[in-house]
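The structure under discussion appears below in the form of structure tokens.
The values are calculated or read from the model by the stated rules, or taken from the named source; none is laboratory data. Because the structure is a prediction, the values reported are computed rather than measured. When we count neighbours, we look across all protein chains shown, and the Cβ atoms used for this are built from the backbone with ideal geometry, even at glycine.
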Amino acid sequence: MLRADVVVVGAGPAGSAAAITATRAGVSVLVVDRAGFPRDKCCGDGLTTGALRRLERLGLDPAVLPSWQPVGRVGIRIADGRVAELDLPGGAVFAATVPRLELDAALVALARRGGAIVQEGRAATGVRPVQPDGEVEVTLDDGDVVRARYVVGADGMWSPLRKALGLGEPGYLGEWHAMRQYVRDTGPKAGDLWVWFDDDLRPGYAWSFPLPGGRANVGFGVRRAPGRATGSMKQQWADLLRRPYILDVLGPRARPEGPAKAWPIPTAIGAVAQTGLGGRVLFAGDAARAGDCMTGEGIAQALETGELAARTLTSAGPDRPGRAAAAYRFALRRGMALDDRVSALCSRVLASRRGSIGWFPIATASARRRELFARWMFEDVPRGVVLTPWRWQPGMLHRPGAFAPTGSAG
């Protein structure tokens, strides 16, 4: 039987962030994941300012990512045809793209270097309490058992740990669904990041995120809704790729590298239980349904929940799971759940045509407004920061981005 203070199930961004944070607090950590790394994960590959700052604090070095691509300019086209190009502040990185194939493997390597034991190709199939000593046992797919004080469930949208605890939701398909395809031989305009807010995608959008070497991650995401057919995504994708303004950005020589892939996105952090077994199990990332319900972004949220879960359980100590659970739920309610409500409100506004184009002249009326809008769009500040004054910090709206060059004043 294996033993650890904390077992992390899932080695994506949420699980790796939890493992790195917990080992830094001095506890032993075992990470298990059914996959072997590097492995692909369907994603837009975009990193917001919020995600970048967390990656920097975790110790990620962009130099280890061959396809790391900082973004300096964002192009936005709304449904009535108006276009704005927003320059992100210089001196540091406010947005970037990197394939998950590289990012997730780098985070796993970082967790290993920090002292976590990572076992790939091992899936967790169940969890149960061990009485009376207050531990839990995690059963692996090969029949082996791991005993620990805490478990962080970062095992994805259809979390086997949730199901094992009776907290799953049969038939759950997420709140968003998305499709992406890698494209090569793109033109110069595709060196910027582009977002298209078209009528048939409301309140979703299409994107082109740049990668080095004339490559791009191109895709679209839409919210699931009654009456929206999910089986027509391939046809919708083919139609998008014929639109002149998208073709203009991608360039005449652009061609796909491989097939388009679709995936669901969970964005309902306030609607599900985030703890189990009296606080011995804390859920993070997609298992916590932590994606942003306005954009479908999930990497920053995965990192935040993973870090937060690790901090709360290590602060509570091995024998106070109830305190860990209460602290975790409280922190989520006072932060990410409020951000989710603001995102939901914005999403409802964007769902109407008037709302989807009405924000444009307000957000782009001046250089300062364009900068503030870009910062807000890329999660430089939390979505619901105006509702949570306890999160305000001096100079919050003027902070440099992440990975600033040594000696940079931002």
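Within the stretch 110-123, track down each residue that is in contact (Cβ under 8 Å) with a residue 60 or more places away in the chain and either closer than 29 Å to Arg180 by Cα or not hydrophobic (A, V, I, L, M, F, W, C) (or both).
First, the residues of the stretch 110-123 that are in contact (Cβ under 8 Å) with a residue 60 or more places away in the chain: 110-111, 114-123.
If the condition is that a residue be in contact (Cβ under 8 Å) with a residue 60 or more places away in the chain and either closer than 29 Å to Arg180 by Cα or not hydrophobic (A, V, I, L, M, F, W, C) (or both), then Leu110, Ala111, Gly114, Gly115, Gln119, Glu120, Gly121, Arg122, Ala123 are the ones that fit.
Going by the structure shown, is Arg180 closer than 26 Å to Gly10 by Cβ, touching a helix residue (DSSP H, G or I) at 6+ places or on another chain (Cβ under 7 Å) and either at pLDDT 95 or above or in a loop (DSSP other than H, G, I, E, B) (or both)? Outline the logic, then answer.
Values: closer than 26 Å to Gly10 by Cβ: yes; touching a helix residue (DSSP H, G or I) at 6+ places or on another chain (Cβ under 7 Å): no; either at pLDDT 95 or above or in a loop (DSSP other than H, G, I, E, B) (or both): yes.
Spelling it out, it is not the case that Arg180 is closer than 26 Å to Gly10 by Cβ, touching a helix residue (DSSP H, G or I) at 6+ places or on another chain (Cβ under 7 Å) and either at pLDDT 95 or above or in a loop (DSSP other than H, G, I, E, B) (or both).
Yes or no: the stretch 292-301 includes at least one residue that is more than 27 Å from Val222 (Cβ to Cβ), without any contact (Cβ under 8 Å) to a residue 60 or more places away in the chain and in contact with a strand residue (DSSP E or B) (Cβ under 8 Å, 6 or more places away or on another chain).
Taking the stretch 292-301 and keeping what is more than 27 Å from Val222 (Cβ to Cβ), we get none.
Taking every residue of the stretch 292-301 in turn, none turns out to be more than 27 Å from Val222 (Cβ to Cβ), without any contact (Cβ under 8 Å) to a residue 60 or more places away in the chain and in contact with a strand residue (DSSP E or B) (Cβ under 8 Å, 6 or more places away or on another chain).
For Asp142, indicate whether it is within 17 Å of Ala11 (Cα to Cα), in contact (Cβ under 8 Å) with a residue 12 or more places away in the chain and either of a type in the set (Asp, Glu) or part of a loop (DSSP other than H, G, I, E, B) (or both).
Details: within 17 Å of Ala11 (Cα to Cα): no; in contact (Cβ under 8 Å) with a residue 12 or more places away in the chain: yes; either of a type in the set (Asp, Glu) or part of a loop (DSSP other than H, G, I, E, B) (or both): yes.
No, not satisfied.
For residues in the stretch 337-384 being touching a residue at least 40 places away in the same chain (Cβ under 8 Å) and of a type in the set (Ser, Thr, Tyr), which is nearest to His398 (Cα to Cα)?
Restricting to residues being touching a residue at least 40 places away in the same chain (Cβ under 8 Å) and of a type in the set (Ser, Thr, Tyr), the top hit is Thr364.
Among Ala51, Ala14, which is the only one that is under 30 Å from Pro361 (Cβ atoms), part of a helix (DSSP H, G or I), in contact (Cβ under 8 Å) with a residue 40 or more places away in the chain and under 17 Å from the mean Cα position of the chain (by Cα)?
Values: Ala14 fails: under 30 Å from Pro361 (Cβ atoms).
Answer to the check: Ala51.
Applying the selection to the stretch 347-359, what residues are buried (at least 19 other Cβ atoms within 10 Å of the Cβ) and more than 18 Å from the chain's Cα centre (by Cα)? Working first, answer last.
First, pick out the residues of the stretch 347-359 that are buried (at least 19 other Cβ atoms within 10 Å of the Cβ): 347, 350, 356.
Answer for the stretch 347-359, where residues must be buried (at least 19 other Cβ atoms within 10 Å of the Cβ) and more than 18 Å from the chain's Cα centre (by Cα): Leu350, Ser356.
Return the total of residues in the stretch 270-308 being at pLDDT 95 or above, closer than 30 Å to Leu201 by Cβ and among the aliphatic types (A, V, I, L, M).
The qualifying residues number 8.
Can you name the strands (runs of 3 or more DSSP E) wholly within the stretch 64-138 that have at least 3 residues being out of contact with any Gly (no Cβ under 8 Å at 6 or more places or on another chain) and either surrounded by fewer than 20 Cβ atoms within 10 Å (Cβ to Cβ) or not basic (Lys, Arg) (or both)? Walk me through it before giving the result.
On the way: elements: 73-77, 83-87, 117-120, 124-130.
Qualifying strands (runs of 3 or more DSSP E): 73-77, 117-120, 124-130.
Of everything in the stretch 319-341, what is closer than 17 Å to Pro266 by Cα, hydrophobic (A, V, I, L, M, F, W, C) and surrounded by fewer than 19 Cβ atoms within 10 Å (Cβ to Cβ)? Give them in sequence order. Walk me through it before giving the result.
The initial filter retains those residues of the stretch 319-341 that are closer than 17 Å to Pro266 by Cα, namely 332, 336-341.
Next, from what is left, pick out any that are hydrophobic (A, V, I, L, M, F, W, C): 332, 336-338.
Once the filter is applied, which keeps residues that are closer than 17 Å to Pro266 by Cα, hydrophobic (A, V, I, L, M, F, W, C) and surrounded by fewer than 19 Cβ atoms within 10 Å (Cβ to Cβ), the stretch 319-341 yields only Ala337.
If you go through the stretch 389-410 one residue at a time, how many are part of a loop (DSSP other than H, G, I, E, B) and modelled with pLDDT of 80 or more?
Residues that pass the stated criteria total 10.
On the basis of being more than 24 Å from Asp45 (Cβ to Cβ) and within 25 Å of the chain's Cα centre (by Cα), does Leu161 make the cut?
Numbers: more than 24 Å from Asp45 (Cβ to Cβ): yes; within 25 Å of the chain's Cα centre (by Cα): yes.
Here the answer is yes, as Leu161 does meet what is asked.
Which condition number does Asp319 fail, the rest of (1) in a helix (DSSP H, G or I); (2) under 24 Å from Ala164 (Cα atoms); (3) more than 22 Å from the chain's Cα centre (by Cα) being met?
(1)
Only one of these is outside any loop (DSSP other than H, G, I, E, B), touching a helix residue (DSSP H, G or I) at 6+ places or on another chain (Cβ under 9 Å) and within 17 Å of Arg202 (Cα to Cα): Arg348, Arg341, Arg311. Name it. Please lay out each step first, then the result.
On the way: Arg341 fails: within 17 Å of Arg202 (Cα to Cα); Arg311 fails: within 17 Å of Arg202 (Cα to Cα).
Exactly one residue qualifies, and that residue is Arg348.
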